[in-house]
Amino acid sequence: MDETIGARRRAGSVPARSGARPGRTRRAILWAHRWLGLIGGAVVVLIGLTGSFIVFYREIDVALNPALYAPASPDQRVTVTEVMRAAAAADTAPISTILAPDRTWPVWIVIHAHETEKGRYPNRWTTMVDPSNGTVLGRRDYVNAFALKVYRLHFTLLLYEWWGKELVGVVGVMLLGLSLSGLFLWWPRPGRFWRSVTVRKDVSLLRLVFDLHGATGFWALFALTVISITGVGIIFPDVVRPIVGLVSQPTPEPSSRIEMPPPAGTPRLSPDAIIRSAEAAKPGRVVAMLSPPTETRNIWRVQFRADGADPAVRSRGAIWLDPWSGATVHDRTSDAMSMGDRYLAEQLWLHNGATLGFAGRLFVFAAGFAPLALFISGAIIWLKKRPGRMRAS
């Protein structure tokens, strides 16, 4: 779009800006912005549209599979031990995670870890258990259910075995580059701000598309910048952690094992006793997820749901508990974390807008369509200019 103005300036129809940026720098940034958009734009659009979908993927999943999320009554009569027993009877594979009922998914969801070929996406199945009577409402292939498959498309482009997650991280860096370079190229002259962020009527098609490109880029800039930064942080935590440490030092990831467990044969506490220990350790917090001990992790992990937060904020903070005594081994809740830890833990909820509640999710949902509008308008501008270039050459 800036090339259109540049061509008109060279023709003498548009005066040069006073104090304009160096032409060579501007041309280099314009070249990078254009070709980043044209080469990677289709993937950015796909990531944006699937991102809009997964902002509400749990609600969509309920709408598509109502029988799996329809308890007989809202009562919570079944204990965690009974839930695990019912799930184990339906699926003998080890239990990796248990999701407690909430407003969106009002049933117990037990995730089973099935055998997975090396290098393949983890094979997970879920069992839904009615919290009022312990009845198994259904089982399904978790990673290939429609809503979850779209989630995987967004997260790995369905290329998990071929560095798909890392590719999405690179796309996040690309989106950040497009956002910042677009801001540089868009920057208006003094007194022209409102004109540069609105779409005018009664103008030529090219001018209309030009206005649409600039206005869309400006109004979506903040959301796209936050989405790209948090997305890169989620995929490349080891890269982002040192940067966050410049402001607030994150604490090391807690160990997943008790190195000196009690003698073999020492009885472990029941899941219900673990729940009671967690609630006693953090009174007033609501248990959201449980991860029982496995072959590689010999302690319980209990995650808490923020009271009153948007249901999309699945958990905020966790503690790790000794399975024999119920004592707290690690504490990663808000009152025990540094600011750096809090930011790293909050990245996912910033990414999907849930930090700001339902309004934040709607904002991110709308922002997911911005790359589509920018890609189409940018392509039209580029295609409209090509015949003129060919004639000139």
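Can you find a residue in region 158-169 that is in contact (Cβ under 8 Å) with a residue 40 or more places away in the chain, within 26 Å of Thr296 (Cα to Cα), open to solvent by less than 20 Å² (accessible area, probe 1.4 Å) and in contact with a helix residue (DSSP H, G or I) (Cβ under 9 Å, 6 or more places away or on another chain)?
Among the residues of region 158-169, not one is in contact (Cβ under 8 Å) with a residue 40 or more places away in the chain, within 26 Å of Thr296 (Cα to Cα), open to solvent by less than 20 Å² (accessible area, probe 1.4 Å) and in contact with a helix residue (DSSP H, G or I) (Cβ under 9 Å, 6 or more places away or on another chain), which makes the answer no.
Has region 58-72 got any residue that is small (Gly, Ala, Ser) and open to solvent by less than 30 Å² (accessible area, probe 1.4 Å)? Spell out how you get there, then give the answer.
Quick first cut of region 58-72, residues small (Gly, Ala, Ser) only: 63, 67, 70, 72.
Going one step further and asking which of them are open to solvent by less than 30 Å² (accessible area, probe 1.4 Å), we end up with none.
Looking through region 58-72, none of the residues is small (Gly, Ala, Ser) and open to solvent by less than 30 Å² (accessible area, probe 1.4 Å).
If you take the residues in region 270-280 that are surrounded by 13 or more Cβ atoms within 10 Å (Cβ to Cβ) and among the small types (Gly, Ala, Ser), which one is nearest to Gly326 (Cα to Cα)?
It comes out as Ser277.
Restricting to region 133-155, what's the tally of residues that are in a helix (DSSP H, G or I) and touching a Leu at 6+ places or on another chain (Cβ under 8 Å)?
Taking region 133-155 as the starting set, the residues that turn out to be in a helix (DSSP H, G or I) are 142-144, 146-155.
Narrowing further to those that are touching a Leu at 6+ places or on another chain (Cβ under 8 Å): 142, 146-147, 149, 152-153.
Residues in region 133-155 being in a helix (DSSP H, G or I) and touching a Leu at 6+ places or on another chain (Cβ under 8 Å): 6 in total.
Looking at (1) at pLDDT 90 or above; (2) outside any helix (DSSP H, G or I); (3) of a type outside the set (Asp, Glu), find the lone condition where Gly231 falls short.
Condition not satisfied by Gly231: (2).
Identify the residue in region 185-207 that is of a type in the set (A, V, I, L, M, F, W, C) and open to solvent by 60 Å² or more (accessible area, probe 1.4 Å) and, among all such residues, is farthest from the chain's Cα centre (by Cα).
Leu205
Within region 1-86, which helices (runs of 4 or more DSSP H) (wholly inside it) include 2 or more residues that are modelled with pLDDT under 90?
Numbers: elements: 2-10, 23-55, 57-64.
Because the criterion is at least 2 residues that are modelled with pLDDT under 90, the helices (runs of 4 or more DSSP H) in region 1-86 that meet it are 2-10, 23-55.
Look through region 246-263, keep the residues that are in contact (Cβ under 8 Å) with a residue 24 or more places away in the chain and farther than 13 Å from Met337 by Cα, and return whichever of them is most open to solvent (accessible area, probe 1.4 Å). Spell out how you get there, then give the answer.
Start the filter on region 246-263 by keeping residues that are in contact (Cβ under 8 Å) with a residue 24 or more places away in the chain, which leaves 247-251, 254-258, 261-262.
If we keep only those that are farther than 13 Å from Met337 by Cα as well, we get 247, 255-258, 261-262.
Numbers: Val247: 135, Ser255: 50, Ser256: 51, Arg257: 93, Ile258: 26, Pro261: 62, Pro262: 46 Å².
Out of the qualifying residues, it is Val247.
The values are calculated or read from the model by the stated rules, or taken from the named source; none is laboratory data. Just so it is clear, the model here is predicted, and its values are computed rather than measured. Positions of Cβ are backbone-derived with ideal geometry, glycine not excepted, and every protein chain shown enters the neighbour counts. These accessible areas exclude ligands, DNA and RNA; they are computed on the full protein's heavy atoms, side chains included. Shrake-Rupley method; radii C 1.70, N 1.55, O 1.52, S 1.80 Å.
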